1. Rounded, prolate or oblate: pick one for segment 23-273, where a ≥ b ≥ c are the square roots of the eigenvalues of its C-alpha gyration tensor, a/c under 1.5 means rounded, and failing that, prolate if a/b is larger than b/c, else oblate.
2. Over every pair of different alpha-carbon atoms in segment 57-100, take the mean of 1/r and invert it; report that Kirkwood radius in Å.
3. Quick one: net charge of residue 93's neighbours, Cβ under 15 Å, K/R +1, D/E -1?
4. Give me the distance between the Cα centres of segment 176-192 and segment 227-257, rounded to whole Å.
5. Count charges around residue 208 for me, please; just the other residues with Cβ under 11 Å from its Cβ, Lys/Arg as +1, Asp/Glu as -1.
6. Output the 0 to 90 degree angle, nearest 10, between the alpha-carbon long axis of helix 172-184 and the longest principal axis computed from the alpha carbons of the chain.
7. Please list, by residue number, every one of the trypsin sites (Lys or Arg not before Pro) in segment 121-175 that is coil in DSSP and has at most 16 other beta-carbon atoms within 10 Å.
8. Calculate the spin-label point distance for residue 173 paired with residue 359, positioning each point 7 Å from the Cα along the beta-carbon direction, and give it in nanometres.
Amino acid sequence: MGGHHLPQAEARPAEHRRGVNAVASPGARGAAARLSVAPMMAWTDRHFRRFVRELTREATLYTEMVTTGALEHGDVDRHLAFDPLERPLVLQLGGDDPAALARCAALAERRGFLEVNLNVGCPSDRVQRGRFGACLMAEPAVVADAVRAMRAACSLPVTVKHRLGIDDLDDDEHLGRFVDALVAAGVDGVIVHARKAWLSGLSPKANRSVPPLQPERVLALKRERPWLRVELNGGVRDLGTALAWSRSVDGVMIGRAAYEDPWLLASVDARVFGRPGPAAHREQALRRYLPYVEERLAGGAPLSAITRHLLGLFNGRPGARAFRRVISERSHRPGAGPEVLEAALAAVPEHVRREPPDASEPAPSDVAPLVHSPA
Ligand SMILES: Cc1cc2nc3c(=O)[nH]c(=O)nc-3n(C[C@H](O)[C@H](O)[C@H](O)COP(=O)(O)O)c2cc1C
């Protein structure tokens, strides 16, 4: 694995403290490069995150976006409850009112999150009606006020996840102005989804594939601000690609691929952080998850709310379809329990159930030419 280990991964606890940007020398990458699983509504809920922990201990995880309204007027436990094993875990907030965001950031700290992230990337109509998400890219001063207020209200690092631009506000000049406003407000890092969003005419789903990816613009942002923690998100389908990008930015965030093919996360600890990962094979990961499943069932969770996140475990492997079918057909039945997962496993050939994580060297064949940050 040699030179592909992310440097200084041993220092990980420090990355969750503040001041990384302030203390890092120009060209340094902060305390540690990071590999994270993106916040995804309805996907990265606590059940999925807890399963991910059977695959990787080192990847940083994010909650789904939680709006300030949901936290201030809704069921806080439902939105914020998590298993301590899920850490390092970042709470992603949605909102535009600095005072409300500040209160929620303080709540995040009391609840044991290690970092707070503000969503400035979501283009859904609902989010736009609330005047937050991606449309805030047009209002750098509002986002800066929010960052300032959140930082003042807690001692957690505060980061922003955003796009390259929206609609016609899409050039590097605007992007730079936006990021520099956040820097002036003390932001601890940015995660950039490397495409713009169209606020009207495209569904959120189409906004994740139609606007072209432009990762080179994220690399340029990092090159011009070597002291700023910049993480890249968008279109990363495998670890080799993530490792290749991580030479030029401070972290790589993987979204859909990590959900649709979670087993790719089983090699993160070894390939990215140089430590053994928790799972020797898929069957072991699933069996170790069963006590959690029983615990949540006893707490009243429906089995299907948990098992739906496991459908991709054998993605692309013999038996995948049978595995999914057993889960889909049997999880809804009254009284269904962990035996459904045992039956689903039994539908997969043993040699597939016992396959080790992919240990291959990175093959960054489909990565655009790398632009190295200053050494
Ligand atoms: C089902 C789904 C839900 C998402 N929900 C959120 C969200 O709550 N907050 C957010 O910042 N991004 C959200 N995203 C966007 C992802 O975090 C990520 O930026 C995007 O999928 C691009 O990364 P990828 O190409 O690796 O998937 C969501 C994406 C998907 C597919």
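Every read-out reported here was derived from the displayed coordinates using simple, explicitly stated rules and does not represent laboratory data. Here the structure is a predicted model, which means the values were calculated and not measured. All Cβ positions, glycine included, derive from the backbone under ideal geometry; neighbour counts span all protein chains shown.
1. Note, shape of segment 23-273 comes out rounded.
2. Its Kirkwood hydrodynamic radius stands at 11.4 Å.
3. Around residue 93, the surrounding residues sum to -1.
4. So the separation of the two Cα centres works out to 18 Å.
5. +4
6. Taking Cα atoms only, the helix is inclined about 90 degrees.
7. Here the trypsin sites (Lys or Arg not before Pro) that fit, given the DSSP loop and packing criteria, are 131.
8. Each label point lies 7 Å from its Cα, and together they span 5.4 nm.
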